[in-house]
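The values are calculated or read from the model by the stated rules, or taken from the named source; none is laboratory data. Every value quoted in this text rests on a predicted model; they were computed, and no experiment measured them. Positions of Cβ are generated from backbone atoms using ideal geometry, with glycine treated the same way; all protein chains shown enter the neighbour counts.
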Amino acid sequence: MDLTKKIEIALFEAASGFEDETERDRFLDATCQNDSGLRERLDGLLRMQDKADQFFDTPTPVLPPKRARIAIIEGGEDTHPGQVAMQVPKGVNLAHFRLAEKIGEGGCGIVYRAEQLEPVRREVALKIIRLGMDTESVIARFERERRALSMMEHPNIARVLDAGATFTGRPFFVMELVRGENITAFCKAESLDLRKRLELFVRICNAIQHAHQKGVIHRDIKPSNVLVRLVDGEPVPKVIDFGIAKATAGEEDDTATATQHGQILGTPAYMSPEQAEGGADIDTRSDVYSLGALLYELVTCQPPFDPSRLKDAGAQEARRMVLEEVPVAPSVVRKHRGLVELDWIVRKAMAKERNERYDTANGLGSDVQRLLAGEPVQAGPPRRTYRLVKLVRRNKMTFLAGAVAILALVVGFGVSTRLFFLERKAAAEQARLRNIAEVARENETRLRMVAEYQNRVSQAAVLLRYGDRAGADKLLESIPTVATPSSLEAGDVYHQVADWHLNEGRWDEAAQRYAALVRAISNVDESDNDIVSRNLLYAATAVCYTGDGVAYQRIVDFAIERFADTTHPVVAEQVIKVCLLKPAGPELLAKLQPLGKIVRAGLESDQSAVAGNQQLRAWGEFALALLYYRTGEDRASAERAHLCLSSPRSNPAREASARIILAMTELRMGREDTARELVSLVSGPVIENTNHIGTSGGESQGSWYAWVTARILLAEVEEALRE
């Protein structure tokens, strides 16, 4: 079907919904505008529809009996008792059915009372698509209703008897004719008590459960769609109107429905929240909600939501009422505290969240049956007293016998207690064994990973021998820093790769490899010498320079733990520099005081590791100057910085760092001009050298980490000067 045809069908369906011809003409004027051809075609179709409806509009006398209403399974408007019925001229036949009168009209079809002529003579209800409504979507919906009804065989659901098409191709189907009143009117007319009403409701739940088992959701359960009549003095309910039913299984899948996503079908006072939202995800629990609304009206004689409010409210307000408002409890409406159990059942059935409702219509019906039998209902609150009272009322003799049984239970209590403790002990033993097994599995996994990482380090070492630094680095990158294997081989591999990254200007990668280097050799070489501490200085300087504060703090913590008991002055000097590249707190400074004493003792002794080595002595003085500055001893710091600068062994990087310490002490003592002069002397060389760092520079120019130390301290003093 092309787009133009679809537009015409949509406009025709919309226009046919106007009862007022003036309103219809305004609508057509606005939509057709200058398209006179389209207007003429729509007017012609509307006139044909009016003539077809008038064909069956010969009035007859009013039906006076109390229950003369005739209803069928699908009809839009209710036909109340006393309403004028419509006769048709005798002799109008459709296949082997003779039409008698129009008895109902829905959104897409008209229903007639008819007489079946063969093979048996009986009264039936015949539904045929309205003239002009035979669009693809309407035919699909019409066919869906017929197929849904034909799948069901239940005494409380009318049956489909036949189907066919008129000579013009308009489909129709024939159903069992049902006579009766809607359930609320019947209950009122017959003055049924609450128990009789609930028994009727259980039968309705069974009928809806049958439909659900056949894969059909009704989606419009309400009093006018449940007809009741007396059969041999007993009320028999019939569920009707499957005109907007939704199939959920078998061949009746969602592709066969005529309801589009976002379109709302049903009656607002009885539709579920998810149905009111217009979503496509409607399941059987939507019918459970509507059954709960029907039960509410059977108990209270009024709908759960005020019909006048819903009528006056717009679509959005009606939707909000269904989604948000909670009906007044039936016991409050009836002012009867004995209905509290029905409150629970109704509240569970009409829960806003469908996961909180009964899973099935049968579950709802069973709970009502439990109420009628005096048993505890599932919807009740989990109170032990409520269930106990119900149980005692139903089983008085049983409880009397139970009192005797309690004596036997007391006698067996000791034995059961003993068995309980034995079982608990066995369970504890099983848990202990499981923990042991789990630890063993974890150890096995850890050992496998250690072996795998060590193998990758060995492969990296081979690649380095052949000059493949990139390949070696790729292998090391796959090893977490915290899992770095401990071996001299690993230390050498990480050292070479870190130096390579440094020479290429990749500071972040170099910092990571230096950090791994420390872990690789720290557990292997536990001696108190400066090999590990020097590598630690490499790692700390690189990590601090890249701005990774978390990694730098881990290195500081490791340095304090590893060398807390050192007696080596060079190690102590290097650890102080590692820990004080950034300002430190009182706790860390307190831990560094013993190391400061070791450095001072080494400088004063002729037998220490620094005796006779002017380079080491100068670095020792610098370390003390840095320590005193961090502890606030500015004069002592300046004195040690001058001693460092007076060393006969020149080292530009060390001397720049010492001058920066002097600048910081001068600034803190209020001599800003002097501080600025000192900073101006060193800032140029420091920046230039750190921008061209490599590892090939000898001690005459200062190692790379010495220049980086100066750059870190320079940034600190420049920040202080800006403040």
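Things worth noting here:
- Within region 325-342, restricting attention to residues that are surrounded by 18 or more Cβ atoms within 10 Å (Cβ to Cβ) and closer than 16 Å to Cys301 by Cβ, the residue that is modelled with the lowest pLDDT is Leu339.
- The set of residues in region 551-569 that are closer than 14 Å to Gly596 by Cβ and either in the same structural domain as Thr481 (by TED's automatic domain parsing) or of a type in the set (A, V, I, L, M) (or both) comprises Ile560, Ala564.
- If the condition is being crowded, with 18+ Cβ neighbours inside 10 Å and under 18 Å from Leu627 (Cα atoms), then region 556-574 contributes Val556, Ala559, Phe563, Thr566, His568, Pro569, Val570, Val571, Ala572, Glu573, Gln574.
- Filtered by the rule that a residue be basic (Lys, Arg) and without any contact (Cβ under 8 Å) to a residue 24 or more places away in the chain, region 451-478 gives Arg456, Arg465, Lys474.
- Selection count where residues are among the polar types (S, T, N, Q) and either over 27 Å from Ser458 (Cβ atoms) or touching a residue at least 60 places away in the same chain (Cβ under 8 Å) (or both), scope region 517-570: 5
- Of residues in region 501-519 being surrounded by fewer than 24 Cβ atoms within 10 Å (Cβ to Cβ) and not charged (D, E, K, R), the one nearest to Gly471 (Cα to Cα): His501
- When each of Ala609, Ala623 is tested for being of a type in the set (Gly, Ala, Ser), in the same structural domain as Ala715 (by TED's automatic domain parsing), closer than 26 Å to Asp557 by Cα and surrounded by fewer than 19 Cβ atoms within 10 Å (Cβ to Cβ), the lone residue that passes is Ala609.
- Restricting Arg229, Arg219, Arg195, Arg141 to residues that are crowded, with 21+ Cβ neighbours inside 10 Å, assigned by TED's automatic domain parsing to the domain that holds Glu274 and out of contact with any helix residue (DSSP H, G or I) (no Cβ under 6 Å at 6 or more places or on another chain) narrows the list to Arg219.
- When each of Gln553, Gln593, Gln607 is tested for being within 20 Å of Ala706 (Cα to Cα) and polar (S, T, N, Q), the lone residue that passes is Gln553.
- The conditions of being under 29 Å from Glu723 (Cβ atoms) and hydrophobic (A, V, I, L, M, F, W, C) are met by Ala663.
- Residue within region 613-625 that is farther than 30 Å from Ala498 by Cα, of a type in the set (Phe, Trp, Tyr) and in contact (Cβ under 8 Å) with a residue 12 or more places away in the chain present: no
- Residue tally, condition crowded, with 23+ Cβ neighbours inside 10 Å and without any contact (Cβ under 8 Å) to a residue 40 or more places away in the chain, over region 575-591: 1
- Meeting the requirement of 1 or more residues that are within 49 Å of the chain's Cα centre (by Cα) and among the basic types (Lys, Arg), the helices (runs of 4 or more DSSP H) wholly within region 396-484 are 413-465, 469-477.
- Of all residues in region 426-468, exactly one satisfies the criterion of being surrounded by fewer than 11 Cβ atoms within 10 Å (Cβ to Cβ) and aromatic (Phe, Trp, Tyr), namely Tyr466.
- When the residues of region 345-382 are filtered to those that are among the β-branched types (Val, Ile, Thr) and out of contact with any His (no Cβ under 9 Å at 6 or more places or on another chain), the one that is modelled with the lowest pLDDT is Val377.
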